[in-house]
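Here's the structure we're looking at; comments come further down.
The values are calculated or read from the model by the stated rules, or taken from the named source; none is laboratory data. As the structure is a computational prediction, the values presented were derived from the model and not from experiment. Neighbour counts run over all protein chains shown; Cβ positions are idealised from the backbone, glycine included.
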Amino acid sequence: MKITAIVGSYRKGGMIDQAVEEILAAAREEGAETAKIHLLDKDIEFCRNCRTCTQVEGPDRGACPLVDEMGAVLDELEESDAIVLASPMNFGTVTAVMKKFIERLICFAYWKWGMMAPKTRNKEKPKRAVVVAASAAPAILSRLSSKMVGLMEDGAGLLGAKTIGVLFVGMAAREQRQEIGERTRQKARRLGEKLVAR
């Protein structure tokens, strides 16, 4: 089994990165192969909304005319059995790099010109997903006041995954180099095990 994590944080080693690493470590201990992709390290262009990738009907993702590393990232995700999408909260939502990534997932929809709305190419969701978020405010307050979890769940759905768990870390800006707490660590590890469980 392969699990790939997409990390939309600007801080390597920060709270989001630590939580994702705990999820992946627990999954590895259960026999999974894991990979972590930091969006900050990838050359991913902004979607131009040309909709070229949405014009041909069929189950396969549409071809984007932009020449960058998004195709390789999507290849890796399509070869994975489970995914993790992770982002801290910035201005009430996911980071710009995560939003840019999610917007490019339109290639998994069919939206011919003249159609009122896009249709997901493949409604089956054989993969599993975990969503990870963090906020400076208390987790419950941030989760209720933001749509960021739903946005990442929608992204996971386009990638063919059903979200089986959410880890929302609150009070994540008390220190410049803050460590995740033991309770968060244990929840992250349980989610990693859940991704692998048959």
Taking segment 75-98 as the search range and keeping residues that are in contact with a Ser or Thr (Cβ under 6 Å, 6 or more places away or on another chain), in contact (Cβ under 8 Å) with a residue 60 or more places away in the chain and outside any helix (DSSP H, G or I), which one is nearest to residue 134 (Cα to Cα)?
88
Search segment 99-122 for residues being part of a strand (DSSP E or B) and not polar (S, T, N, Q), and hand back the single one that is surrounded by the fewest Cβ atoms within 10 Å (Cβ to Cβ).
119
Looking at 179, 153, 193, which one is under 18 Å from residue 19 (Cβ atoms), acidic (Asp, Glu), over 12 Å from the mean Cα position of the chain (by Cα) and assigned to a helix (DSSP H, G or I)?
193
Within segment 31-49, how many residues are closer than 16 Å to residue 118 by Cβ and either touching a residue at least 40 places away in the same chain (Cβ under 8 Å) or surrounded by 14 or more Cβ atoms within 10 Å (Cβ to Cβ) (or both)?
1
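Residue-by-condition table, conditions (1) closer than 12 Å to residue 86 by Cα; (2) aliphatic (A, V, I, L, M):
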| residue | (1), (2) |
| --- | --- |
| 109 | no, yes |
| 112 | no, no |
| 140 | no, yes |
| 149 | yes, yes |
Looking at (1) at pLDDT 95 or above; (2) among the hydroxyl-bearing types (Ser, Thr, Tyr); (3) crowded, with 22+ Cβ neighbours inside 10 Å, can you tell me which one residue 52 breaks?
(3)
Unmet criterion (only one of (1) over 17 Å from the mean Cα position of the chain (by Cα); (2) without any contact (Cβ under 8 Å) to a residue 24 or more places away in the chain; (3) in a helix (DSSP H, G or I)) for residue 21:
(1)
Just one listed residue, out of 35, 72, is part of a strand (DSSP E or B) and modelled with pLDDT of 95 or more, and it is 35
